[in-house]
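The values are calculated or read from the model by the stated rules, or taken from the named source; none is laboratory data. Predicted, not measured: the structure shown is a model, and the values here were computed from it. Note that we place each Cβ from the backbone using ideal geometry, even for glycine, and neighbour counts take in every protein chain shown.
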Amino acid sequence: MFVIGEQISLDLYSDGGISRWIAAGTKGLLRHTTAHGWLVHNGSTGAFQIDYAEAVLYQVLREYETLLFEQITRVAPADQDRAYREYRVFRNQPRKKSVIEAMTHEPEITALPMDFDADNALINCAGVAVSTDGSMRPSTPEDHFTMSAAVKPETGEPEEFMKFLKWAACGNQELMGWLLTACGTSLFGHYTDRITNFYGQGSNGKGTLLRTLQKIIGDYATTLPRSLVIKEPGSQSRFDKAGLPGKRAAILYDLKPDHGKLNLDELKSIAGDGDGVWVEKKGRDGYSCSLKCKVFIASNDKIPIDSFGKSEKKRFRLVPFNAQFETKNEGLEDSFIPEYGKILNLFMQYAVKYYANGRKMPDCKAIDAATLEYFDEQDLIKQFLEDSDAFTVTNYEPKSEFYAKFERYCLMQQGIRTPMKSKTFTNELEKRGIFTKFRKIDGKSTRVFVRENTETQENLNFELILSREKIIETNTDFNNSCVLVSETTATETENSPYGGKETEREEPEIW
């Protein structure tokens with residue numbers, strides 16, 4: 001695997017000399033970082049791997065040891081005693097460890113953690129480097145891949161997979177195109193800042209689609225720990241993000257509402273917003289990097305949230321899965337295995353369209369309508385301001401009393417005992433033009449919530465409580481259009497390839 005030469009100069013018997021000689025012979029196929037440890041390049045996958053890197057390292061040292069033994073008979077008679085002594089010393093483990101330590105400082109070997117998987121526009125597909133424009137070439141060690149997809153792309157249509165996808169999307173062409181584009185973007189490492197929740201009662205295909213995606217893109221996909229997704233104080237470890245650098249898709253299956261509320265701020269850092277994130281593996285040095293995972297969550301029920309600003313509405317998408325299996329098809333996912341290369345190629349075609357379209361997701365009215373309905377249902381503050389006499393005629397309320405009134409509303413009207421923390425409540429009110437200030441109440445300076453309007457006093461009452469129409473008008477999302485959620489109708493579909501019920505959404509009304 002490595003070429004380390006046939007003749008060893010006696011001048012190279014020092015630790016530094018040995019390490020330089022070995023480093024030159026490995027020709028960039030053996031690398032070391034403080035975060036990864038040792039890595040060795042696997043020519044069949046086109047990626048540097050950690051699993052057996054140390055075994056390869058010691059194999060190189062054994063080859064060097066063999067050369068030292070052969071060197072005894074090659075040197076001049078006067079140098080044979082020295083060559084034999086060096087051979088004996090090198091066989092000792094302490095000497096090998098000191099040589100290994102010296103090797104970690106060789107320019108041909110040492111590297112920075114962020115040198116690997118750094119090219120967002122490339123994915124390694126089992127030794128084939130594929131770019132966002134669809135071009136392909138053989139992977140090289142200079143690409144610094146540490147990951148590989150499970151298969152190489154193949155031409156042709158994945159017929160079984162497309163039958164399944166059509167059934168899972170209830171024949172909705174917009175939804176099929178959106179799902180294929182979402183899978184395609186998960187092949188590459190550009191920031192999308194998008195969190196996708198596949199939602200619907202069980203046996204509807206959402207888990208099948210995500211597991212198929214995860215199997216096809218191989219090392220580039222990972223399963224998210226729940227501690228990163230849900231707001232659970234004290235549940236996170238500083239090592240939770242150690243496996244995320246370089247990943248393109250991060251998936252969490254079977255999330256439930258009783259697990260807690262979605263931690264959208266944490267998910268934003270995972271999905272990629274350009275900010276540096278500190279990651280650390282156990283026993284390794286930590287380092288700062290930018291994560292670029294496309295986050296996919298699968299749930300049977302809608303997961304609660306407590307943040308409803310424009311940025312949250314922009315990045316979070318609820319994807320409805322309305323089909324239903326009558327009986328579980330145990331062999332369905334296995335039927336896709338012969339088509340993995342074709343499915344990967346299909347994902348790439350949709351990724352190329354995505355990049356050619358200025359990195360814009362395609363329109364999908366069903367997703368827009370479901371997402372808008374979700375935010376309306378989850379926005380307890382909005383419902384509180386609309387459904388109750390939140391403010392008195394003075395247009396301000398003492399801060400502690402107002403939060404207590406909100407808690408009573410959530411308990412009486414929604415059955416929710418702890419809707420959100422007081423600080424979160426305050427932050428959400430500020431997004432709606434309701435700020436904390438001091439007012440004189442009974443001669444005392446008291447912190448209160450005040451509804452404010454920066455324009456005219458006549459418009460004060462209009463701005464005090466954001467109406468449903470105002471929220472919908474500002475929620476432009478993908479289409480810069482406003483959508484009303486329509487009723488759903490269920491129909492029995494006789495010719496479904498998987499049987500069972502398919503629920504079709506009526507076309508939403510466009511304002």
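Take Leu244 and decide whether it is more than 25 Å from Ile367 (Cβ to Cβ) and in contact (Cβ under 8 Å) with a residue 12 or more places away in the chain. Taking the combined requirement at face value, the residue satisfies it. If you check Ala78, Ala53 for being of a type in the set (Gly, Ala, Ser), without any contact (Cβ under 8 Å) to a residue 24 or more places away in the chain and more than 30 Å from Ser148 (Cβ to Cβ), only one passes: Ala78. With respect to Ile251, determine if the residue is touching a residue at least 60 places away in the same chain (Cβ under 8 Å) and either assigned to a strand (DSSP E or B) or aliphatic (A, V, I, L, M) (or both). No: the conditions fail for Ile251.
Conditions (1) assigned by TED's automatic domain parsing to the domain that holds Thr212; (2) acidic (Asp, Glu); (3) in contact with a helix residue (DSSP H, G or I) (Cβ under 6 Å, 6 or more places away or on another chain); (4) more than 30 Å from Asn322 (Cβ to Cβ), marked per residue:
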position	(1), (2), (3), (4)
Asp119	no, yes, no, yes
Leu122	no, no, no, yes
Cys125	no, no, no, yes
Arg137	no, no, no, yes
Pro141	no, no, no, yes
His144	no, no, yes, yes
Ser148	no, no, yes, yes
Cys170	yes, no, no, no
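Residues that are touching a strand residue (DSSP E or B) at 6+ places or on another chain (Cβ under 8 Å) and either among the hydroxyl-bearing types (Ser, Thr, Tyr) or surrounded by fewer than 19 Cβ atoms within 10 Å (Cβ to Cβ) (or both) are absent from region 159-167. The residues of region 1-21 that are at pLDDT 85 or above and crowded, with 20+ Cβ neighbours inside 10 Å amount to a single one, Ser19. Among the residues making up region 268-292, a single one is under 28 Å from Tyr199 (Cβ atoms), outside any loop (DSSP other than H, G, I, E, B) and touching a Phe, Trp or Tyr at 6+ places or on another chain (Cβ under 8 Å): Ala271. Note on region 102-135: residues that are in contact with a Leu (Cβ under 9 Å, 6 or more places away or on another chain) and not in a helix (DSSP H, G or I) total 10.
Among residues belonging to region 406-420 that are without any contact (Cβ under 8 Å) to a residue 24 or more places away in the chain and loosely packed, with under 13 Cβ neighbours inside 10 Å, point out the one that is nearest to the chain's Cα centre (by Cα). Only one residue fits best here, namely Thr418.
Let's see how each residue does on (1) closer than 26 Å to Asn300 by Cβ; (2) in the same structural domain as Arg439 (by TED's automatic domain parsing):
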site: Phe336; (1), (2): yes, no
site: Met348; (1), (2): no, no
site: Ala356; (1), (2): no, no
site: Met361; (1), (2): yes, no
site: Ala369; (1), (2): yes, no
site: Ser400; (1), (2): no, yes
site: Tyr403; (1), (2): no, yes
site: Glu407; (1), (2): no, yes
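Within the option set Thr212, Thr208, Thr185, Thr155, being within 21 Å of Ile270 (Cβ to Cβ), in contact with a helix residue (DSSP H, G or I) (Cβ under 8 Å, 6 or more places away or on another chain) and either surrounded by fewer than 16 Cβ atoms within 10 Å (Cβ to Cβ) or among the polar types (S, T, N, Q) (or both) holds for one residue only, Thr185. Restricting Lys166, Lys241, Lys215 to those that are farther than 25 Å from Lys261 by Cα, of a type in the set (D, E, K, R), assigned by TED's automatic domain parsing to the domain that holds Tyr355 and under 17 Å from the mean Cα position of the chain (by Cα) reduces the list to Lys215.
Right, Gly171: surrounded by 18 or more Cβ atoms within 10 Å (Cβ to Cβ) and among the small types (Gly, Ala, Ser) or not? Spelling it out, it is not the case that Gly171 is surrounded by 18 or more Cβ atoms within 10 Å (Cβ to Cβ) and among the small types (Gly, Ala, Ser).
Among the residues of region 293-346, those that are surrounded by 21 or more Cβ atoms within 10 Å (Cβ to Cβ), under 18 Å from the mean Cα position of the chain (by Cα) and not aliphatic (A, V, I, L, M) comprise Cys293, Lys294, Phe296, Phe316, Arg317. Exactly one residue out of Phe336, Phe325, Phe296 is in contact (Cβ under 8 Å) with a residue 12 or more places away in the chain, at negative phi and in a strand (DSSP E or B): that is Phe296.
Taking Asp265 as the residue in question, decide whether it is in a helix (DSSP H, G or I), farther than 26 Å from Tyr340 by Cβ and assigned by TED's automatic domain parsing to the domain that holds Arg315. In short, yes.
All of (1) buried (at least 19 other Cβ atoms within 10 Å of the Cβ); (2) of a type in the set (S, T, N, Q); (3) under 24 Å from Phe375 (Cβ atoms) hold for Gln201 with one exception: (1).
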